[in-house]
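I have placed the structure first, in the form of structure tokens, so that the comments after it can refer back to it.
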Amino acid sequence: MAAFARDVFINCPFDPAYRVMFRAIVFAITRSGFRARCALEVDDSSQNRWSLISDIVDQCRYGVHDISRTELDGDPPLPRFNMPLELGLFLGAKRFGDQIQKRKRCLVLDKERYRYQRFISDLAGQDIHGHGNDPTVCIEVVATWLRVQSRSKTVPGGRAMAREFEAFELALPQLCAGLQLEIDEMTFGDLTSLASEYIAAAL
């Protein structure tokens, strides 16, 4: 129960182009005193991916969902709907789950605040936040939302946290070198550990 109250499910793209945004979200969650969770935390070919995601969603009170990647991809070109699907799973758990699941809260992100109305209009009425594909804006939005959820006076404002993240990004090559890693070799576990250790030491 204690873990449920502090765990945040991240539902976002995992491709290289999104990597800095992903690190910004993980940093904001960690800096705000929560624990970041996502499908990348387990690498087990024997486990069904949907079951894994469902288990993580079940264990998290909070969710950060970025539905910005719905562009056509591949041949033939088709949209990518993993993120909207996982958002639906999270909302379904809140709607149809037990009293614990009904306590879920989520933040929904997109490139533009109202763009979602063109491809997932059933979300009309939800408070969607735009980030403009800018990690600084993204971390400000996530940090502000988490500060509201935590009601903690020790969690800094979004702009201050964005500056802290910039310093973390500058330190990241050296932090990775200490583990004999390149930045693009980091696992999700590496990232969360490095962020936690950096925050504890530097802040």
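The values are calculated or read from the model by the stated rules, or taken from the named source; none is laboratory data. Remember, it's a predicted structure, so these values are computed and weren't measured experimentally. Note that we place each Cβ from the backbone using ideal geometry, even for glycine, and neighbour counts take in every protein chain shown.
Being polar (S, T, N, Q) and part of a helix (DSSP H, G or I) is a property that Gln180 lacks.
Condition check ((1) modelled with pLDDT of 95 or more; (2) under 19 Å from Val26 (Cα atoms); (3) exposed (fewer than 14 other Cβ atoms within 10 Å of the Cβ)) across all residues:
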{"site": "Ser46", "(1), (2), (3)": "no, no, yes"}
{"site": "Trp50", "(1), (2), (3)": "no, no, yes"}
{"site": "Arg61", "(1), (2), (3)": "yes, yes, no"}
{"site": "Val64", "(1), (2), (3)": "yes, yes, no"}
{"site": "Thr70", "(1), (2), (3)": "no, no, no"}
{"site": "Asp75", "(1), (2), (3)": "no, no, yes"}
{"site": "Met83", "(1), (2), (3)": "no, yes, no"}
{"site": "Leu89", "(1), (2), (3)": "yes, no, no"}
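The numbered conditions (1) more than 21 Å from Arg37 (Cβ to Cβ); (2) not in a loop (DSSP other than H, G, I, E, B) are all true for Glu197 except (1). For Ala17, the test of being among the small types (Gly, Ala, Ser), under 11 Å from the mean Cα position of the chain (by Cα), assigned to a helix (DSSP H, G or I) and closer than 17 Å to Asp134 by Cα is failed. Could you count how many residues in region 15-42 are among the charged types (D, E, K, R) and out of contact with any helix residue (DSSP H, G or I) (no Cβ under 9 Å at 6 or more places or on another chain)? Result for region 15-42: 1. Mind checking whether some residue in region 72-93 is closer than 21 Å to Val142 by Cα, among the aromatic types (Phe, Trp, Tyr), under 12 Å from the mean Cα position of the chain (by Cα) and not in a loop (DSSP other than H, G, I, E, B)? No, there is no match, as no residue in region 72-93 is closer than 21 Å to Val142 by Cα, among the aromatic types (Phe, Trp, Tyr), under 12 Å from the mean Cα position of the chain (by Cα) and not in a loop (DSSP other than H, G, I, E, B). Could you check, for region 41-50, whether at least one of its residues is touching a residue at least 24 places away in the same chain (Cβ under 8 Å) and either of a type in the set (Phe, Trp, Tyr) or not in a loop (DSSP other than H, G, I, E, B) (or both)? Yes, the conditions are met somewhere in region 41-50. I'd like the full set of residues that are closer than 21 Å to Leu109 by Cα and either in contact with a strand residue (DSSP E or B) (Cβ under 7 Å, 6 or more places away or on another chain) or of a type in the set (Phe, Trp, Tyr) (or both), limited to region 139-191. Val141, Val142, Trp145, Gln149, Phe165, Phe188, listed by residue number.
One residue stands out among those in region 129-157 that are crowded, with 21+ Cβ neighbours inside 10 Å and of a type outside the set (Val, Ile, Thr): the one that is nearest to Arg19 (Cα to Cα), which is Pro135.
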